[in-house]
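The values are calculated or read from the model by the stated rules, or taken from the named source; none is laboratory data. Owing to the predicted nature of the structure, the values given are computational and were not obtained by experimental measurement. Every residue, glycine as well, gets a Cβ built from its backbone with ideal geometry; the counts of neighbours run over all protein chains shown. Protein only, heavy atoms only, side chains kept; ligands, DNA and RNA dropped before computing areas. Shrake-Rupley method; radii C 1.70, N 1.55, O 1.52, S 1.80 Å.
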Amino acid sequence: MENFAHVDELNLVLQLIESGEKEKLMELLRERLIECGWRDEMRALCRAYAKKKGRNNVTVDDLVHVITPKGREKSCISVTSNFAISTSASSVPDSVKAELLLRIQSFLKSVPLDAL
Amino acid sequence: MSALNDGSSSPRSQVTIEQRASRCFDDLLESIIVDVASECHRIARLGLDLNLEVEEEELRLSAQARMADPSCSSESNSKNVVDIFGQTHPPIASETFNCMNCGRPVTAGRFAPHLEKCMGKGRKALTKITRSTTIARNRHARGSPVTVYAPYSTSTNSNIVPEGTPRTAREEFAEYTFEEP
């Protein structure tokens, strides 16, 4: 089952990219996050971190970890049996997340997937 | 997995859709997080953010460094300016090399005036013109306030004006070409 799920996942990614849907989703998410001020919050966090640690001592990795909360358990495309839909960033507004999830789900439903 | 339209699908595959949508969302979010992080990293490293405390501290440090430096600031000692590598340069360049036009050894500080004379005389085509340019220059010194681009305009002049025209006519032409923009 896990193997199939993995192939299915890759297939989904390919379909997203090829149909251009991934790009649209990305743009939509980016726009919403800017509008709701999430991006500014994250930048403030980064700035505070850089101030604390010293401007020339920060790495991109550090900042990614600053922004990504500890509650996140999985990396981008990994197959886990985690059924909990955990929030991947603490301050992403629910409305934004809901909108994106809805859109992704409708895409998943509308596109026939050949795997399995 | 065939196309599913709505809740008529089995609960298991429904959960799978939500799960996959969530993973997909996480994926998108991670990309955006990396974008923001790398932008912040760039701003931090380049010092582009208006981080007042840090800037103030840097200003303070540089002011201290300047005070501690015995050779003073550039305003008071403009003749021997220290550059970023700690070297001082004399105000007049004294290195000697050979002019690439005439081959004579020349001091760097006198190179520009040397070139003025060197390139003006170095061409055969201009030896004929120099006489007319000096005459034209004298005329202009007496008359109009127009600046003299003598070698070049008169050389083109000599191409346009047909041979056999008296010298005065050529000089008239010289005057008119100066007035053209």
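State which residue is farthest from the other protein chains (Cβ to nearest Cβ) when the search covers only region A:28-64 and only residues that are open to solvent by less than 80 Å² (accessible area, probe 1.4 Å) and charged (D, E, K, R).
Ranking the candidates gives A:32 first.
Six or more apart or on different chains, Cβ under 9 Å: which pairs go from a residue in region B:93-110 that's closer than 23 Å to residue B:81 by Cβ to one that's among the hydroxyl-bearing types (Ser, Thr, Tyr) and assigned to a loop (DSSP other than H, G, I, E, B)? Could you list them?
So the pair list comes out as B:107/B:94; B:108/B:94; B:109/B:94.
Which pairs turn up if I take residues in region A:92-110 that are under 12 Å from residue A:25 (Cβ atoms) and look for partners that are open to solvent by less than 20 Å² (accessible area, probe 1.4 Å) and among the aliphatic types (A, V, I, L, M) with beta carbon separation below 6 Å, at least 6 apart in sequence or on another chain?
Listed pairs, sorted by first residue: A:100/A:29; A:101/B:21; A:104/B:21; A:105/B:17; A:105/B:21; A:108/B:17.
Could you grab me the full set of residues in region B:35-84 that are modelled with pLDDT of 75 or more, assigned to a helix (DSSP H, G or I) and within 28 Å of residue A:68 (Cα to Cα)?
Correct list: B:35, B:36, B:37, B:38, B:39, B:40, B:41, B:42, B:43, B:44, B:45, B:46.
Suppose the filter is within 24 Å of residue A:98 (Cβ to Cβ) and without any contact (Cβ under 8 Å) to a residue 60 or more places away in the chain; does residue A:52 pass it? Step through it out loud before you land on a result.
Working: within 24 Å of residue A:98 (Cβ to Cβ): no; without any contact (Cβ under 8 Å) to a residue 60 or more places away in the chain: yes.
Answer is no for this residue.
Output the residues belonging to region A:10-27 that are open to solvent by 60 Å² or more (accessible area, probe 1.4 Å) and free of Cβ contacts under 8 Å to residues at least 24 places away in the same chain. If you could, list the steps in order and put the result at the bottom.
Step one: list which residues in region A:10-27 are open to solvent by 60 Å² or more (accessible area, probe 1.4 Å), which gives A:10, A:14, A:17-19, A:23-24, A:27.
A:14, A:17, A:18, A:23, A:24, A:27, listed by residue number.
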